[in-house]
Amino acid sequence: MTLFEETLFVDRERKLRGFEKLLQPATRQSVMLIEAAEKMGKTWLIIKMQRICQTIAAGAPAARIDFRNPLDMLKLTDHLGLIRLLRDRLEQPDYFAQLNMVINRVTANQSAASPGSRHLAALAEQMQKVFTLAELARFARFSDIEFENLEGSTLFSKCFSLVGYYSRRQTLPDLIVRLGEERSAINWQPFADRILAAPAMTEAESITAVTDQNLRLVGVSEAEQQHAERQINEAFFQCLAALLADKHQVVLLFDAYEAAPEEAESFITGHLLPYLLDESLRELVIIITGRQTPDLSSLGLNQLIVKTNLEPFTIDDVRDFMTVRSIQENPPDFTFKGVHLLSGGVPGDLALMADRLTAVASQHDPFFDD
């Protein structure tokens, strides 16, 4: 069943209640594996879950990837493609500026990852480690800078914007002095030396620096690629943690897992799921559906996982389904019991039968009358 119509959704209330339970902070489990045969309504269910996220007060950012969707698959050509797709589907660009900086750096884009931008980012990353957002706001106020006017809403983006503010005005030494006063345990001078040795960035260049230039990792060795992927993963999960800290809930939904390319399987089972043990990602919820779902027995995540399947529709479900489609029993031509037997209770086959019954009932078109 590939089409979703809210008004035609019947049954699966227990699965939806289970999903809503996962969204509750008191629930320890955070992963739901839904395994079912073809046409059992997996896609229909996962889209319904995404709609639930949208109806939650303030909304829970949710990213859904369908591994059978040709448009999604065109973007999933490598590890970086999956990271980018998840980032974009979450629709929270302010939270992923740090990730974009890292992507630009490792893809060797000299215009977007110039020496100046790399060194500014390094200083901003160090500031992010030792300042909270509230402390950074106080730091800016004592420097007569309007904190609210600094670009971005996350800690990293604010740090990067603040560093850029000083750099463009060629007052970076003043910033280093202030940082030394505030956090004397850190040696800030090497950061300043590297920035001052590089050409100063304009404001337009600093904005470009945090925009993904959509380049790929090419011409690198296997070791270099693995190192780049580790940096990208670390930045992605740091950004995800910042998003969770503000939104309190983030949901990732993966559909048709049996069709996932090797790169996606490797990322999900080798990186994403193990990261659930990190307390900063405690409220991340992951849903995986498919004719087959991953074997996670070796990851030590059993306490976080709920595994279920989808049962065929009952005769009562068939009656409900046909009723919402405005289809009535018409003995002896057909009865709901007969439809149930012929469809086997499989939602996808039932939908096809309903479509055909509707087409037969409406095949007369008055347009062709004399």
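For the chain, modelled as a GNM with alpha-carbon contacts under 10 angstrom, which of F67, F19, F336 fluctuates the most?
F336
Multiplying the sequence separation of T323 and Q225 by 0.36 nm and subtracting their Cα-Cα distance, what value in nm do you get? Don't skip to the end; give the middle numbers.
Details: separation 98, 0.36 × 98 = 35.28 nm, distance 5.54 nm.
Roughly 29.7 nm would be gained on extension.
So what are the three principal axis dimensions of the stretch 138-197 from its Cα atoms, in whole Å, longest to shortest?
28, 23, 20
At 1.4 Å probe size, with the rest of the protein present, what percent of the exposed accessible area of the chain is carbon and sulfur atoms? Intermediate results must be reported in sequence, preceding the final value.
Working: 9480 of 18640 Å².
That share works out to 51 percent.
Mind giving me the FRET efficiency for R356 and R291? R0 is 30 Å, r the Cβ-Cβ distance, nearest 0.05 is fine.
Working: r = 25 Å, r/R0 = 0.84.
About 0.75, to the nearest 0.05.
Residues with amide H under 5 Å of R64's amide H, sequence separation 5 or more or different chain, H placed in the peptide plane at 1.01 Å from N; which?
Those qualifying (amide H under 5 Å, at least 5 residues apart or on another chain) are L253.
Would you kindly state the longest site-free stretch of the chain, with sites defined as GluC sites (Glu not before Pro) in a DSSP loop (not H, G, I, E, B) surrounded by at most 14 other Cβ atoms within 10 Å? If you can, show how the numbers build up before the last one.
On the way: sites that count: E5, E38, E91, E146, E329.
Answer from the scan: 147-328.
So what's the net charge close to E182: Lys and Arg +1, Asp and Glu -1, counting the other residues with Cβ under 12 Å from its Cβ?
Details: positive: R138, R178, R183; negative: E135, E181.
Once positives and negatives cancel, what remains is +1.
Distance in nm between label sites at Q189 and F334, each 7 Å beyond Cα in the beta-carbon direction?
Distance between label points: 8.3 nm.
So what is the accessible area of the chain per residue, in Å², with the probe set to 1.4 Å? Walk me through the numbers before you get to the answer.
Details: 18640 Å² over 370 residues.
Accessible area per residue: 50 Å².
What length, rounded to one decimal in nm, is gained on full extension from L215 through to R68, with 0.36 nm per residue of separation minus their alpha-carbon distance?
The span from L215 to R68 would gain 50.5 nm if fully extended.
If K337, K247, K158 are ordered by their accessible area, calculated over protein heavy atoms with a 1.4 Å probe, which sequence runs from highest to lowest? If you can, show how the numbers build up before the last one.
Values: K337 140, K247 75, K158 15 Å².
Heavy-atom accessible area, descending, gives K337, K247, K158.
Using Cα pairs under 8 angstrom and six or more residues apart, how large is the relative contact order of the chain, in percent? Provide the component values of the computation, followed by the final result.
Numbers: 452 pairs, mean separation 114.0, N = 370.
Rounded, it is 31 percent for the chain.
Please go through the stretch 18-65 and write out the trypsin sites (Lys or Arg not before Pro) that DSSP classes as loop and that have at most 15 other C-beta atoms within 10 Å.
Values: sites: K21, R28, K39, K42, K48, R51, R64; in loops: R28, K39.
Loop-located and lightly packed - R28.
I need the phi-derived Karplus couplings for the stretch 168-184: 6.51 cos²θ - 1.76 cosθ + 1.60, θ = phi - 60°, integer Hz, Gly and Pro marked x.
5, 8, 6, 10, 4, x, 5, 5, 5, 4, 4, 5, x, 5, 7, 9, 6
Per residue of the chain, what 222 nm ellipticity follows from adding -39500 (n - 2.57) for every DSSP H run with n ≥ 4, rounded to the nearest 500? All intermediate terms of the calculation are to be shown ahead of the outcome.
Values: 16 runs with 184 residues, N = 370.
Roughly -15500 deg cm²/dmol at 222 nm, from the helical runs in the chain.
Please turn the phi angles of the stretch 60-69 into ³J(HN,Hα) values with the Karplus equation 6.51 cos²θ - 1.76 cosθ + 1.60 (θ = phi - 60°), one per residue in order, whole Hz, x for glycine and proline.
Working through the residues one at a time gives 9, x, 9, 10, 10, 10, 10, 6, 9, 7 Hz.
Per 0.36 nm of contour for each residue apart, how much would the distance between S280 and F142 grow if the chain were fully extended, relative to their Cα-Cα spacing?
Values: separation 138, 0.36 × 138 = 49.68 nm, distance 3.04 nm.
Taking 0.36 nm per residue and subtracting the Cα distance, the gain is 46.6 nm.
What is the helix-to-structure angle for 13-22, meaning the angle in degrees between its Cα long axis and the longest Cα principal axis of the chain, kept from 0 to 90 and rounded to the nearest 10?
10 degrees
Most fluctuating residue of I195, I186, I52 in a GNM of the chain with Cα springs under 10 Å: which is it?
Comparing I195, I186, I52 in the GNM, the peak value goes to I186.
I need the calculated FRET efficiency for the pair T171 and K129, taking r as the beta carbon distance and R₀ as 22 Å, to the nearest 0.05. Spell out each step's value before the answer.
Working: r = 23 Å, r/R0 = 1.04.
Efficiency, from the Cβ-Cβ distance: 0.45.
Which value results when the Cα radius of gyration for the chain is divided by 2.2 N^0.38 Å? Show your work: numbers first, answer last.
Details: Rg = 26.1 Å, N = 370, 2.2 N^0.38 = 20.8 Å.
That works out to 1.25 for the chain.
The values are calculated or read from the model by the stated rules, or taken from the named source; none is laboratory data. None of these values were measured; they are calculated from a predicted model. Note that we place each Cβ from the backbone using ideal geometry, even for glycine, and neighbour counts take in every protein chain shown. Just the protein is used for accessible areas: all its heavy atoms, side chains included, with ligands, DNA and RNA removed. Shrake-Rupley method; radii C 1.70, N 1.55, O 1.52, S 1.80 Å.
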